[in-house]
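Before any comments, here is the structure.
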Amino acid sequence: MRRAGVLMLLAVSMAALAQEPPGAQWRKIGDFANGPQLPAQTVVWCGKLIDGKGGPALGKTEIILESNRITRVRPVFPDFPAWSSDGQVELINLSTETCLPGLIDVHTHVLLQGDITAEDYDKQLLKWSPEYRTILGTQSARKALEYGFTTIRDLETEGAGYADVDIKKAINAGVIPGPRMQVATRALDVTGAYPLLGYAPNVPVPHGVQVCDGADGCRKAVREQIMYGADWIKVYSDRGYYIEPNPPAGISPAPMLNDIPTFTMDELRAMVDEAHRQRHKVASHATAYNGVHNSVEAGIDTIEHGDYISDADLKLMIQKGTYYVPTLYVGEYVAEGRAKAGAPVWLDMIKISADTFRRAVKAGVKIAFGTDAGGFDWNINPAVEFELRVKYGQTPAEALRSATVTASELLGMQKDIGTIEPGKLADIVAVKGDPLADITALEHVDFVMKGGVVYKKP
Ligand SMILES: [Zn+2]
């Protein structure tokens, strides 16, 4: 590959630039049998670039990749230089698109296919084998990648055992397409708190989590999950949500969303201690007052959902550096169905969670992008969450940052992903239009590259 001279560069018309130079071809999409084969060098032309470092969108930019990493990011003026190829370099022409860092969703369930009601959930555990669910899970992973999510944190398998570890393994081995994954395996909850529930005592049914009781029992469960491949420990810290008619004095704001806490403080602390001792982090499903408060006190790393967080707990989260992963879309998605099934509190929770989100943005809590995809149908693009975040108080730039830089920090992967700059893995997506002007542009990602490999093109 040779770079053409400057004079030649100026002589090249835009019409010619729209065509790829001879020898440059799109990599074969979906050819995973022998793992991805990358050219020595790749050049990506972007009409605009949002590099994720916090500044405004840049104009025409050229990104140079060597193998799976970015080596150079260079503004181009007035037009893209001409390239002639000897087959060693591939040119990817996105000159009519806006490029941005691969998106990150830190709360997914690839092994779940939507569960508005208990029946939807029970069916998946009782009538679908773990093998069938894993096949569907590989499909969910591919969908996530094609939506533009190049990295996900999958927060438990909902009764499908350690299948997430295997899906991650198959993706990393190049057997199937999918995002880079951190996985939580089975998650933990106490006896009697997590579905399947409501069956006769003499009928043994599977559980959506690993059940553990007592500090020692739960510590052992953490050890077991880490032994079998958990990157994260996921705990369920509350259940049974209701609007509290008589909130304890000093807890603001009203209305207070109350709950039944699951684990004791002893149990929570033991699990956090064991996970941290083994250099793993803990995510806590915490929807209402006690779940959030106990989790933050116990030192967990991320609050999932957090539909109600008291003002005092928001402050504590800032002090402790706890991440908040709200899931606004799924709340709206399930509310009506759950209300019809006898739990109208889910309708109230839409307003309460929007208010919590607004207060958290104002207070300056670290907010990461998670969606609970799988809690809703994988045929819905999880990027619909962005619009609600902007509706309830983030700027489009803040919303995008939550799904790039902040999410990469939550995962401890900020050296590799989250921005487009030299040294990072080449996770690049592109959209038509400007997501900083209209965030819903992120629902239409038409180019996806993960680690230098193209999985989708316009
Ligand atoms: Zn979830």
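The values are calculated or read from the model by the stated rules, or taken from the named source; none is laboratory data. Not measured: the values here are computed from a predicted model. Ideal geometry is used to build each Cβ from the backbone, glycine not excepted, and the neighbour counts take in all protein chains shown. Side chains included, ligands, DNA and RNA excluded: accessible areas come from the protein's heavy atoms. Shrake-Rupley method; radii C 1.70, N 1.55, O 1.52, S 1.80 Å.
The table that follows gives values for the structure above.
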{"item": "Residues (outside any strand (DSSP E or B) and either of a type in the set (A, V, I, L, M, F, W, C) or surrounded by 23 or more Cβ atoms within 10 Å (Cβ to Cβ) (or both)) located in segment 86-102", "result": "Gly102"}
{"item": "Residue among Ala339, Ala312, Ala360 that alone is open to solvent by less than 10 Å² (accessible area, probe 1.4 Å), in a helix (DSSP H, G or I) and more than 14 Å from the ligand (Cβ to nearest atom)", "result": "Ala360"}
{"item": "Any hit, segment 196-209, residues being of a type outside the set (Asp, Glu), within 30 Å of Thr138 (Cα to Cα) and in contact with a helix residue (DSSP H, G or I) (Cβ under 6 Å, 6 or more places away or on another chain)", "result": "yes"}
{"item": "From the options Asp105, Asp120, residue that is within 16 Å of the ligand (Cβ to nearest atom) and in a strand (DSSP E or B)", "result": "Asp105"}
{"item": "Residue ID - farthest from Val235 (Cα to Cα), chosen from residues in segment 282-295 that are polar (S, T, N, Q) and assigned to a helix (DSSP H, G or I)", "result": "Asn290"}
{"item": "Those residues of segment 373-422 which are within 16 Å of the ligand (Cβ to nearest atom) and touching a strand residue (DSSP E or B) at 6+ places or on another chain (Cβ under 7 Å), in sequence order", "result": "Ala373, Gly374, Pro382, Ala407, Leu410"}
{"item": "Number of the exception - Thr138 against (1) more than 16 Å from the ligand (Cβ to nearest atom); (2) in contact (Cβ under 8 Å) with a residue 60 or more places away in the chain; (3) β-branched (Val, Ile, Thr)", "result": "(2)"}
{"item": "Residues of segment 282-296 classified as under 13 Å from Asp189 (Cα atoms) and open to solvent by 10 Å² or more (accessible area, probe 1.4 Å), total", "result": "1"}
{"item": "Residue satisfying condition, being closer than 21 Å to Pro435 by Cβ, out of contact with any Pro (no Cβ under 6 Å at 6 or more places or on another chain) and either more than 16 Å from the ligand (Cβ to nearest atom) or without any contact (Cβ under 8 Å) to a residue 40 or more places away in the chain (or both), within set Lys127, Lys143", "result": "Lys143"}
{"item": "Checking Met317 against (1) under 17 Å from the mean Cα position of the chain (by Cα); (2) away from the ligand (no atom under 16 Å from the Cβ); (3) not acidic (Asp, Glu), the condition it does not meet", "result": "(1)"}
{"item": "Hey, Ala437 in contact (Cβ under 8 Å) with a residue 12 or more places away in the chain, away from the ligand (no atom under 16 Å from the Cβ) and either open to solvent by 10 Å² or more (accessible area, probe 1.4 Å) or not in a helix (DSSP H, G or I) (or both) or not", "result": "yes"}
{"item": "Members of segment 297-309 found to be buried (at least 23 other Cβ atoms within 10 Å of the Cβ) and either closer than 24 Å to Phe386 by Cα or under 16 Å from the mean Cα position of the chain (by Cα) (or both), listed by number", "result": "Thr302, Ile303, Glu304, His305, Gly306, Asp307, Tyr308, Ile309"}
{"item": "Residues satisfying the stated conditions in segment 108-117, i.e. open to solvent by 10 Å² or more (accessible area, probe 1.4 Å) and within 11 Å of the ligand (Cβ to nearest atom)", "result": "Asp115"}
{"item": "Filter pass, Gly306 being at pLDDT below 95, within 16 Å of the ligand (Cβ to nearest atom), out of contact with any Lys or Arg (no Cβ under 8 Å at 6 or more places or on another chain) and closer than 21 Å to Ala368 by Cα", "result": "no"}
{"item": "Strands (runs of 3 or more DSSP E) contained in segment 227-281 and holding at least 3 residues closer than 22 Å to Tyr162 by Cβ, modelled with pLDDT of 95 or more and open to solvent by less than 70 Å² (accessible area, probe 1.4 Å)", "result": "232-236"}
{"item": "Yes/no for Leu188 being closer than 15 Å to Gly208 by Cα, open to solvent by less than 10 Å² (accessible area, probe 1.4 Å), in contact with a strand residue (DSSP E or B) (Cβ under 8 Å, 6 or more places away or on another chain) and in contact (Cβ under 8 Å) with a residue 60 or more places away in the chain", "result": "yes"}
{"item": "Condition met for Thr157 (out of contact with any Gly (no Cβ under 7 Å at 6 or more places or on another chain) and either closer than 30 Å to Leu49 by Cβ or not in a helix (DSSP H, G or I) (or both))", "result": "yes"}
{"item": "Filter result for Val183 (within 16 Å of the ligand (Cβ to nearest atom), open to solvent by less than 30 Å² (accessible area, probe 1.4 Å), over 16 Å from the mean Cα position of the chain (by Cα) and closer than 24 Å to Pro382 by Cα)", "result": "no"}
{"item": "Hits in segment 417-434 (condition: surrounded by fewer than 18 Cβ atoms within 10 Å (Cβ to Cβ) and either at pLDDT 95 or above or under 16 Å from Gly52 (Cα atoms) (or both))", "result": "Glu421, Pro422, Gly423, Lys432, Asp434"}
